[in-house]
Amino acid sequence: MRMSVIGCGYLGAVHAAAMASIGHDVIGIDVDAQKVAALASGTAPFFEPELGELLQEGLASGRLRFSTEMSDAAGAAIHFIAVGTPQIPGGHSADLRFVDAAVAALLPHLSPGDVVAGKSTVPVGTAERLGSVVADTGATLVWNPEFLREGWAVHDTISPDRLVVGVPSGADGERATAALHEAYRPAVEAGTPFLVTDLATAELVKGAANAFLATKISFINAMAEIAEAAGADVALLADALGHDTRIGRRYLGSGIGFGGGCLPKDIRAFAARAEELGRGEAVGFLREVDSINLRRRDRAVQLVVDALGGLVFGRRIAVLGAAFKPFSDDIRDSPALDVAVRLRGLGADVIVTDPAALDNAAAAHPQLGYATERDDALRDADAVVIVTEWDLYRREMTPEHAGSLVAGRVIVDGRNCLDAAAWRAAGWTYHGMGRR
Ligand code: UGA
């Protein structure tokens with residue numbers, strides 16, 4: 001099928017390359033000429049495992065192209081909208097200006113029978129509003145939310161755990177459903193559930209999924225607060241809870257909490273939209289989820305201060321990690337960088353290291369010190385803080401080796417990812433989050 005993908009960020013670039021890899025003829029369109037040039041030369045403009053190879057294969061096959069011209073979308077049977085919906089400046093709602101602009105720019109290039117498939121995360125009601133605009137061209141708008149995780153984006157796009165398509169009722173909706181079914185045929189044939197809903201439900205599925213994941217993380221972090229007060233160990237608690245298959249261990253990783261370009265802004269936009277609908281009370285708990293999450297960053301800073309005897313001023317602190325999670329160079333609302341910035345604000349000499357996100361971090365926070373190599377960050381540090389659980393810190397750094405580099409064997413494990421007993425046995429003072 002011929003397809004266009006409007007917006008080539010973390011979501012769109014991967015979607016375009018993945019669709020080409022399963023045999024479709026894809027044009028990716030973005031207003032950012034630099035990004036388009038990188039993609040067109042087979043270079044991923046951000047860190048995402050497997051994306052570079054997929055781009056190169058797609059470009060070589062002739063089935064994948066990139067452009068800054070919206071007119072190049074003309075002739076495609078499906079137009080995926082994959083632009084960002086950030087938090088609005090000065091408020092909690094989603095900023096829909098990029099989605100609105102993408103649809104407006106696409107309108108003159110639509111033909112009757114085309115399908116416009118929204119993938120961006122939007123407040124419920126957006127699809128119905130845009131659908132009526134699109135209908136004037138004879139095209140049909142559907143909503144097809146995306147559930148990919150950064151760092152696993154290629155896998156999640158090619159082998160999703162479910163496909164959700166919200167369509168309008170009637171013959172147009174049926175035709176659009178058939179088009180989306182065809183677009184995702186390899187995944188559907190492999191057994192991926194293909195769920196067809198109305199527009200509003202499809203939009204809600206996405207918001208609800210991220211709200212649930214955020215709630216699960218904050219639940220275990222709330223338990224960490226209790227464990228701290230009670231002298232219990234939240235990591236053991238999570239293991240024990242996780243064996244209950246009704247609960248499950250995933251997203252019970254305690255520590256400094258969630259960040260990134262999705263969960264924090266999505267729960268806020270979800271709550272803001274619920275308020276508009278007169279149902280703010282129904283998701284009032286999301287405010288607590290947000291507060292618990294942000295409190296963990298305060299707690300991590302406090303642990304470092306306490307570990308250094310109450311004062312970090314002038315002390316050298318190695319901060320291991322800057323990305324909001326491993327396998328990503330994304331620093332949007334990164335809890336890791338937030339902790340680093342706060343320690344710097346208290347007068348510490350902070351040296352941040354990260355295998356992927358260092359350039360992004362340095363551009364956003366030039367006041368921090370940076371080391372490309374982990375060991376250079378560790379050298380002469382008075383304390384070490386792990387804030388992103390890269391294997392480079394979690395698995396490949398032994399307490400003995402790190403101990404030979406630092407000035408003081410003090411470690412704060414902001415992701416509860418280390419073997420506390422092994423670090424203590426090597427003479428370190430180990431502080432986890434919500435751990436004895
Ligand atoms: C999230 C969702 O997981 C995807 O399904 C969704 O498609 C995406 O948002 C989106 O809306 O586009 P992502 O932001 O890539 O994906 O990251 P996650 O892997 O979900 O992690 C989010 C944050 O939660 C990270 O900061 C991570 O460190 C933290 N986290 C995750 C925990 O603190 N504990 C856990 O147990 C799991």
If you go through L213, L277, L263, L195, the only one that is out of contact with any strand residue (DSSP E or B) (no Cβ under 7 Å at 6 or more places or on another chain) and more than 13 Å from the ligand (Cβ to nearest atom) is L277
Run down A271, A202, A227, A238 and say which single residue is touching an Asp or Glu at 6+ places or on another chain (Cβ under 8 Å) and not assigned by TED's automatic domain parsing to the domain that holds L148.
-> A227
Residues being open to solvent by less than 50 Å² (accessible area, probe 1.4 Å) and either within 25 Å of the chain's Cα centre (by Cα) or outside the structural domain of L320 (by TED's automatic domain parsing) (or both): count how many of those fall in region 392-424.
-> 8
Every pair of residues 6+ apart whose Cβ atoms lie under 9 Å, when the first sits in region 237-259 and is more than 13 Å from the ligand (Cβ to nearest atom) and open to solvent by 10 Å² or more (accessible area, probe 1.4 Å) while the second is modelled with pLDDT of 95 or more and in a loop (DSSP other than H, G, I, E, B) = L237/L252; L237/S254; L237/G434; H243/R249
From the options A20, A16, residue that is in contact with a Cys (Cβ under 7 Å, 6 or more places away or on another chain), among the hydrophobic types (A, V, I, L, M, F, W, C) and under 22 Å from A77 (Cα atoms) = A16
Could you grab me the full set of residues in region 25-45 that are in a loop (DSSP other than H, G, I, E, B), in contact with a helix residue (DSSP H, G or I) (Cβ under 8 Å, 6 or more places away or on another chain), open to solvent by 10 Å² or more (accessible area, probe 1.4 Å) and not hydroxyl-bearing (S, T, Y)?
-> D30, A44, P45
So, of the residues in region 320-330 that are under 15 Å from the mean Cα position of the chain (by Cα) and away from the ligand (no atom under 11 Å from the Cβ), which turns out to be most open to solvent (accessible area, probe 1.4 Å)?
-> D329
Does region 67-75 contain any residue that is of a type in the set (S, T, N, Q), open to solvent by less than 50 Å² (accessible area, probe 1.4 Å), closer than 18 Å to D32 by Cα and in a strand (DSSP E or B)?
-> yes
Output the residues belonging to region 120-134 that are outside any loop (DSSP other than H, G, I, E, B), touching a helix residue (DSSP H, G or I) at 6+ places or on another chain (Cβ under 8 Å) and open to solvent by 10 Å² or more (accessible area, probe 1.4 Å).
-> E128, G131, V133
Only helices (runs of 4 or more DSSP H) wholly contained in region 142-192 count here; list those with 3 or more residues that are touching a Leu at 6+ places or on another chain (Cβ under 9 Å) and within 16 Å of the ligand (Cβ to nearest atom).
-> 153-158
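Any residue that is over 14 Å from the mean Cα position of the chain (by Cα) and either within 13 Å of the ligand (Cβ to nearest atom) or in the same structural domain as V14 (by TED's automatic domain parsing) (or both) - is there at least one of those in region 301-319?
No: zero hits.
Need at least 1 residues that are at pLDDT 95 or above, closer than 27 Å to Y10 by Cα and not polar (S, T, N, Q) per element, so show me which helices (runs of 4 or more DSSP H) inside region 313-410 make the cut, counting only ones lying wholly within it.
On the way: elements: 335-345, 358-364, 374-378, 391-394, 399-405.
Here the list reads 335-345, 358-364, 374-378, 391-394.
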What single numbered condition from (1) modelled with pLDDT under 95; (2) surrounded by fewer than 22 Cβ atoms within 10 Å (Cβ to Cβ); (3) not β-branched (V, I, T) fails to hold for Y10?
-> (2)
Given the structure, is D114 more than 21 Å from C262 (Cβ to Cβ), crowded, with 22+ Cβ neighbours inside 10 Å and not β-branched (V, I, T)?
-> yes
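The values are calculated or read from the model by the stated rules, or taken from the named source; none is laboratory data. Please read these numbers as outputs of a predicted model, since none were measured by experiment. No Cβ is skipped: glycine too gets one built from the backbone with ideal geometry, and neighbour counts run over all protein chains shown. Each accessible area value is taken on the protein alone, full model and side chains, heavy atoms only, with ligands, DNA and RNA left out. Shrake-Rupley method; radii C 1.70, N 1.55, O 1.52, S 1.80 Å.
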